[in-house]
Ligand code: GDP
Ligand code: ZN
């Protein structure tokens, strides 16, 4: 049902100064009107106030007539609302019980509980947002750093959609030219020459490839970089985690340790949410309790995007160090851009002490990984470490606040398919194949790009995307 009236608590659970209940749909005004009263006039249905204005009202329980809360209510007439439907927002006192009782009253008067993301889905279905903009709403809410927030806002404001539409427009122009000549072969529509058709295709390809080039980096800003801190016991892993968090004034949210053995915290690495995972160690042990820790650490390493591999510089390289290294290598870490191995930064810690580690031995173990010397005791080398990690994962790409970056795997995937089809159409042109071949691939590219904005998205895809939203959004 996409034209009934829905309601939900739009503010997060818990206690707050105010809490908002949002109601949207054709009956929104009627439903809320039946519940609100002016102070001192409990029996009189007040008129609907002017649109988009906050009005002071009491909310009553429709059955018992008990006053539930004093609220500010905004009636907002379609279409200039979040969903493009009639919307009412009730600002009540922010206690969970009060809000739930108001919501229950709203539901009792004919609204239905909204599904996760249903308000935003309606905004999409009613044409106020396209799909990539709707996704940006969620990214904006979830953003963990200012850079991530700016990128989401760019997307919400349609910067990505505009570029995608421009490319689609170019492709459609070529399709039109080809199809006119196919449909009216005998008439005065001349068959276009390959030389004439190919420049716009090349332009479209260049634009798509530019977007694709930034996608890996863009995804980092949205999803963050999972970085495991690995090394044998006592080299200073936990100290390093703390030191990195302390130097970062922009810690976003600490994530409570999920287990006793791995602790995860979020720091801000030049705008990338850096998820640091401190592990207990991945060296084999006979102690069953430690074994669990080792397994969890191993799992943390397996799922990490990058590793900070820590050594104690004040001691010679130990057998255990070698074993840790060997294990990481087997997991496919290696800092080798050519083979797309996941990056490793070698951290030689305890630089404040006399150094007894042989750097040559380290270099033999990890010929391609950068080495950084740190002392968590003196907070030395931490900036260099961050710098090195950022360089490694951003691969020299500077991101400024108004770049349009693809931050979403779904978009990246659609762009890749569009790219392949355009390449194929270009190849067909170059081989002077019949123009039908060219236009089939052009159409496929056009459709793939349409998935980004939602023009050619299936119901299935839509459900999947909006399911991830929170209720009330
Ligand atoms: P982990 O087992 O790898 O997590 O190591 P910890 O962070 O628990 O540190 C082990 C020991 O090394 C502690 O006593 C720390 O105080 C000490 N330590 C850590 N980093 C440094 C450092 O940079 N210099 C010195 N001198 N000691 C350090
Ligand atoms: Zn530790």
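Side notes on the structure shown:
- Kirkwood hydrodynamic radius (C-alpha pairs) into Stokes-Einstein, region 145-241, 25 °C and 0.890 mPa s, D in µm²/s: 138
- Theoretical gain in end-to-end length, residue 364 to residue 413 [0.36 nm per residue, Cα-Cα removed]: 13.9 nm
- Fully extending the segment from residue 30 to residue 319 would add 96.6 nm, taking 0.36 nm per residue of separation and subtracting the current Cα-Cα distance.
- Computed from the C-beta positions of residue 195 and residue 302, the FRET efficiency with R₀ = 51 Å rounds to 0.50.
- The helix-based estimate of mean residue ellipticity at 222 nm for the chain, built from -39,500 (n - 2.57) per DSSP H run of four or more residues and divided by its residue count, is -14500 deg cm²/dmol to the nearest 500.
- Cβ-derived FRET efficiency at R0 56 Å, residue 108 paired with residue 210, nearest 0.05: 0.55
- Residues in region 309-330 reached by a label modelled at residue 234 [backbone nitrogen below 14 Å; 7 Å Cα→Cβ]: 312-321
- DSSP beta bridges in the chain [antiparallel fraction, %, rounded to 5]: 65
- FRET efficiency for residue 54 and residue 464, using Cβ-Cβ distance with R0 set to 45 Å, rounded to 0.05: 0.80
- Length-normalised contact order for region 6-114 - Cα pairs under 8 Å, 6+ apart - percent: 36
- Length added when fully stretched, residue 377-residue 15, from 0.36 nm per residue minus Cα-Cα: 126.3 nm
- Distance-filtered residues of region 448-473 - backbone nitrogen under 11 Å, label point 7 angstrom along residue 100 Cα→Cβ: none
- Two-site label geometry, residue 126 and residue 65: point separation in nm, points 7 Å out along Cα→Cβ: 3.4
- Multiplying each eigenvalue of the alpha-carbon gyration tensor of region 6-114 by 5 and taking the square root yields semi-axes of 18, 17, 13 Å, largest first, rounded to whole angstroms.
- Here the spin labels are modelled as points 7 Å beyond Cα on the Cα-Cβ line, and at residue 443 and residue 202 they lie 2.7 nm apart.
- Translational D in µm²/s for the chain (Stokes-Einstein at 10 °C, 1.306 mPa s, Kirkwood Rh from C-alpha pairs): 60
- Annotation: for a label point projected 7 angstrom from Cα along Cα→Cβ of residue 423, residues of region 200-222 with backbone N closer than 17 Å are 201-216.
- A simple spin-label model places pseudo-atoms 7 Å from Cα toward Cβ; at residue 162 and residue 355 they are separated by 5.1 nm.
- Sequence-distant contacts, meaning Cα pairs under 8 Å at least 6 residues apart, place the relative contact order of the chain at 16 percent.
- Ordered by the count of other Cβ atoms within 10 Å of each Cβ, fewest first, 56, 446, 82, 432 give 432, 56, 82, 446.
None of the figures in this text is laboratory data; all of them are computed from the coordinates on show. Model, not experiment: these values are computed from the prediction. Glycine gets a Cβ as well: all are built from the backbone with ideal geometry, and neighbour counts include every protein chain shown.
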